[in-house]
1. Which one of these does Ile223 not meet: (1) more than 30 Å from Ser454 (Cβ to Cβ); (2) within 21 Å of the chain's Cα centre (by Cα); (3) open to solvent by less than 10 Å² (accessible area, probe 1.4 Å)?
2. Let me confirm something: among Ile125, Ile150, which residue is under 18 Å from Asn103 (Cα atoms), open to solvent by less than 60 Å² (accessible area, probe 1.4 Å) and part of a helix (DSSP H, G or I)?
3. If I ask for residues that are buried (at least 23 other Cβ atoms within 10 Å of the Cβ) and of a type in the set (A, V, I, L, M), which ones from segment 370-392 would you list?
4. If a residue has to be assigned to a loop (DSSP other than H, G, I, E, B) and open to solvent by less than 30 Å² (accessible area, probe 1.4 Å) to count, how many in segment 464-478 make the cut?
5. If the Cβ limit is 8 Å and pairs must be 6+ apart or interchain, which residue in segment 497-520 that is open to solvent by less than 20 Å² (accessible area, probe 1.4 Å) pairs with which residue that is in a strand (DSSP E or B) and acidic (Asp, Glu)?
6. Please work out which one of (1) open to solvent by 30 Å² or more (accessible area, probe 1.4 Å); (2) under 22 Å from Leu407 (Cβ atoms); (3) of a type in the set (Phe, Trp, Tyr); (4) part of a strand (DSSP E or B) is the condition Tyr527 fails and give its number.
7. May I ask you to list the residues in segment 408-431 that are under 29 Å from Pro392 (Cα atoms) and open to solvent by less than 20 Å² (accessible area, probe 1.4 Å)?
Amino acid sequence: MNQKKISFLITILLFSFSSLAQQPNLPLNHQYSLIYDKIFLKKSNHTSFRPLINSSVSINIDSISHSSFKLDYGNYYMNKIFSEHFIEVKNKEFHFFVSPILNLALGKENEDKKNTFINTRGILIGGKIGKKMQFESKFLENQAVFPNYIDDYIQTYNIAPGEGYVRPFNNNGYDYSMSSGYISFEPFNRLKIQFGHGKHFIGDGYRSLILSDLSFNYPFLRIQTNFNKIQYTNLFAQFQDIRNPLSYANGFTRKYMASHHLSININDKLNIGLYEAVIFSNDISAGNNSFDINYLNPVIFFRPVEYSLNSPNNVLIGLNVKYIILTQAYLYGQVILDEFSLSEMREVDNWWGEKYGYQIGLKTYDFFSIKNFILQSEYNFVRPYTYAHSDPLQSYSHYNQPLAHPLGANFSESLVIFYYRWKRLTARTQLVYAKYGGKKLNDSTSYGNDLFLSTNNRNLNSGVEMYQGNLHKLNYFNVSLGYIINPITNLKLNIGFSKRKLSNENSTELTNYYYFSFSTELFNRYYDF
């Protein structure tokens, strides 16, 4: 077979239609979402439960991608580099694509003159079969040397933030891997069923106090039903507590979550989301055989069930609100209640069980009438012991990380993000100021920040104040410039600088960190804690 015939066959095999809408789910990445989120303000959409399922939104993703980026270069090889998947086969009944996932980064931490790097190689595979079934899978293998504060975190919790269990690599590095994937089935136009291994995010802000994509991937079943102004989602998930393995053969201790989320578009401007979840274990050896068949009921209210069963499980209730104040701006907020008791709050001053949190935020597009200039400002507040439990196994956590905010509880946080995009060039600045009450040295008492300490080991029953314990003050600043090489996989070049200061009653930690990266950004990495 001559070279011309080989080239022709390869061209037919790899031919594809350029589109950012190839993935069944829109990637769960904050900067990726900015391409579409402004358009969601103009039409009625349910945006608080993410990742968004492509077929559930009422906008044409293809038209947005074409208007945002030049996608057709008129050259096969240029298109492959700058606007298409590496391999793609597509017809009316079948679609299959493959792309590499990379995160190649070099950095320098000035304080200790420490050289850092990340070396991630992975693969993205996805597509659809017929009109009803879609699939996607990712696998990543990583080696890394991190800045000192992340290194300290890994030494404490044995995980890379959001990316799984670590093994030693050379002298001061780590080796870890991560995989995710799902199968999505649509038996009816209004019903979506997904089964897989991944993450979710509930909210319209940068952080979520209800459910965040902060922690490691987990097995899940997601059932989503749409009725125009109403979207109802059931999420069933299995989490792991990796502090005490059951055995080499049985792995880590498992716990489970059953949750419901009801999103209602009250009108064209106001959306309200109601959330409830129960965390329960089935560890018979520890006397925690707390599963009840009622948890599988897709429309039940968990709190009355807990009272009727006299159950020890952990129940959380949440509210999410989004209000469009201008055509290019919206206010958003959340409230989370954890085993809330109004009668106890009335009787006891600053009762330890006042376990609640709230979020207030503003997001503005085309700020100062500058196209694609975005301002986001957010405040988060969570009382001590929120998300925690008398049995740490049933805390609102997974794989040694919180399921909501990276600071756990007993904190307040203010953050501001500026983001600007011109064609494929991007600029981003983030400022974070936070306070939280952490552990004291050589003290095993729970002051309400660490979710993995039992609430039975608390210091007080009443008079519980914010930031009790060892007061920590965090200042975090990051600025980065980037170039989007391929928008379909969000492959980017980035250069940036991070400055961090964490002070408490015992010490002050300083980090000045420069970095350069060549990265496929399809999910969020949270190093801003």
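The values are calculated or read from the model by the stated rules, or taken from the named source; none is laboratory data. What you see is a predicted model; the values in this text were computed from it and never measured. Every residue, glycine as well, gets a Cβ built from its backbone with ideal geometry; the counts of neighbours run over all protein chains shown. What goes into the accessible areas is simple: the full protein's heavy atoms, side chains included, and nothing from ligands, DNA or RNA. Shrake-Rupley method; radii C 1.70, N 1.55, O 1.52, S 1.80 Å.
1. Every listed condition holds for Ile223 apart from (3).
2. After applying the criteria, what remains is Ile150.
3. Of everything in segment 370-392, those that are buried (at least 23 other Cβ atoms within 10 Å of the Cβ) and of a type in the set (A, V, I, L, M) turn out to be Val382, Ala388.
4. Total satisfying the criteria: 3.
5. Pairs found: Arg500/Glu509; Leu502/Glu509; Thr511/Glu109.
6. (4)
7. Within segment 408-431, Gly408, Ala409, Asn410, Phe411, Ser412, Glu413 meet the criteria.
Each row is one residue, and each column tells you yes or no for (1) touching a strand residue (DSSP E or B) at 6+ places or on another chain (Cβ under 8 Å); (2) loosely packed, with under 15 Cβ neighbours inside 10 Å; (3) modelled with pLDDT of 70 or more.
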residue: Tyr275; (1), (2), (3): yes, no, yes
residue: Val278; (1), (2), (3): yes, no, yes
residue: Asp283; (1), (2), (3): yes, no, no
residue: Asn289; (1), (2), (3): yes, yes, no
residue: Val299; (1), (2), (3): yes, yes, yes
residue: Tyr307; (1), (2), (3): no, yes, no
residue: Gly318; (1), (2), (3): yes, no, yes
